[in-house]
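Right, one structure below, let's go through it.
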Amino acid sequence: MRNPLTRSPVVRSLAVVLIAGSALTTTGCARNRNKGDTAYVARDVGTLYTAARKRLDNKEYKLAAALFDEVERQHPYSVWARRAQLMSAFSYYLAHDYTASIQSAQRFLAVHPGNRDAAYAYYLISLGYYEQVSDVTRDQKITQQALDSLGELMRRYPNTRYAADARLKVDLVRDHLAGKEMEIGRFYQKRGQWLAATGRFRKVIDDYQTTTHAPEALMRLTETYLALGVRDEARKAAAVLGANYPGTQWYARAYKLSNEHGPVAIAALAPGEAVVANAGQAAPVVTKRKGDFNRDTSAAPVTSGGSTNPGNPNPGN
């Protein structure tokens, strides 16, 4: 991921040393790495801000963030307090403390919602969530938060450089969420839970149809519909797959399955013949012998040779 420092005009402007020749009295803040343990030592705003900038330039990001927080704490009504909030969020981001970075940026927006640097604050929030996206075998709550924050950034500031970068990240995040649905769908399919699997694959087609997972989702739908005995739906899924992804391996497999399980011909009814035989009569009671309870009389599950083994994920709701 590119360094957001190179993208932000506000960070470049804040990089200028504001007050030269000030004494760098960093006793107290410099000794403590935790913001909550920073000792209060009264200093003028120029000394604090310059010391924070020096720590940032030396890549001491945690100490820089603590000093920027001190600017806000000791001089809350100064013009540098507003800039220090944003620089604190940026320093925490570089330190990989994404939770603290998000909180600092959100605090900046709560106090200065109409500031010209608000777009950058939204961008830092989005990056904080984006950097925490985990693999598809884990819970995807933060992934959804990343998608929401990126969408908010694009909605509010569509013509900024941050929105342009956000659009690229949205595609990756959506693909990740679709991958999670596929992981859970394959989990259910492997265990013969066809309805649950179909729901997951349908979600990919309905909500993430532009992702790289759409062709496989259509092929899996063909499999699960055939397993449920809904052959017309299976053929529709295969047809959509062929129309949109004709040269893929997924279509070749779906086409083969559709041909192997074609429509069943039903004889026409004779004139006057009832649609339902013995209508109005009670259905006969069918009793099974002891050995019949282990016999599967439903449609045989359709298997796909060479399918990916999803392992043992922990499916969510």
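The values are calculated or read from the model by the stated rules, or taken from the named source; none is laboratory data. What you see is a predicted model, and the numbers here were worked out from it, not measured in a lab. Every residue, glycine as well, gets a Cβ built from its backbone with ideal geometry; the counts of neighbours run over all protein chains shown.
Side notes on the structure shown:
- One residue alone among VAL16, VAL45, VAL41 is within 27 Å of ASN159 (Cα to Cα) and at pLDDT below 90, and that residue is VAL16.
- In region 123-137, of all residues being touching a residue at least 40 places away in the same chain (Cβ under 8 Å) and of a type outside the set (Phe, Trp, Tyr), the one that is nearest to PHE108 (Cα to Cα) corresponds to LEU124.
- Candidates LYS190, LYS203: the one that is within 30 Å of TRP250 (Cα to Cα) and touching a residue at least 24 places away in the same chain (Cβ under 8 Å) is LYS190.
- Within region 216-239, being surrounded by fewer than 18 Cβ atoms within 10 Å (Cβ to Cβ) and part of a helix (DSSP H, G or I) holds for ARG231, ASP232, GLU233, LYS236, ALA239.
- Qualifying residue in region 185-198 (condition: assigned to a helix (DSSP H, G or I), charged (D, E, K, R) and either surrounded by fewer than 23 Cβ atoms within 10 Å (Cβ to Cβ) or in contact with a Pro (Cβ under 9 Å, 6 or more places away or on another chain) (or both)): yes
- Just one of the numbered conditions (1) in contact (Cβ under 8 Å) with a residue 60 or more places away in the chain; (2) in a helix (DSSP H, G or I); (3) not small (Gly, Ala, Ser) is not true of LEU153: (1).
- Pair list, Cβ < 7 Å and 6+ apart or interchain, from region 241-257 residues that are more than 15 Å from THR212 (Cβ to Cβ) to residues that are surrounded by fewer than 17 Cβ atoms within 10 Å (Cβ to Cβ): ARG253/SER304
- Listed by first and then second residue, the pairs with beta-carbon distance under 6 Å, at least 6 apart or on different chains, first residue in region 224-237 and closer than 16 Å to ARG202 by Cβ and at pLDDT 90 or above, second in a helix (DSSP H, G or I) and aromatic (Phe, Trp, Tyr), are THR224/TRP194; ALA227/TRP194; LEU228/TRP194; GLU233/TYR225; ALA234/TYR225.
- Residue in region 247-270 that is of a type in the set (A, V, I, L, M), modelled with pLDDT of 90 or more, surrounded by fewer than 17 Cβ atoms within 10 Å (Cβ to Cβ) and out of contact with any Asp or Glu (no Cβ under 6 Å at 6 or more places or on another chain) present: yes
- Extreme residue, farthest from the chain's Cα centre (by Cα), among residues of region 55-92 that are aromatic (Phe, Trp, Tyr) and either part of a helix (DSSP H, G or I) or at pLDDT 95 or above (or both): TRP80
- Of all residues in region 113-147, those satisfying the criterion of being surrounded by 17 or more Cβ atoms within 10 Å (Cβ to Cβ) and touching a His at 6+ places or on another chain (Cβ under 8 Å) are ALA118, VAL133, VAL136, GLN140, THR143.
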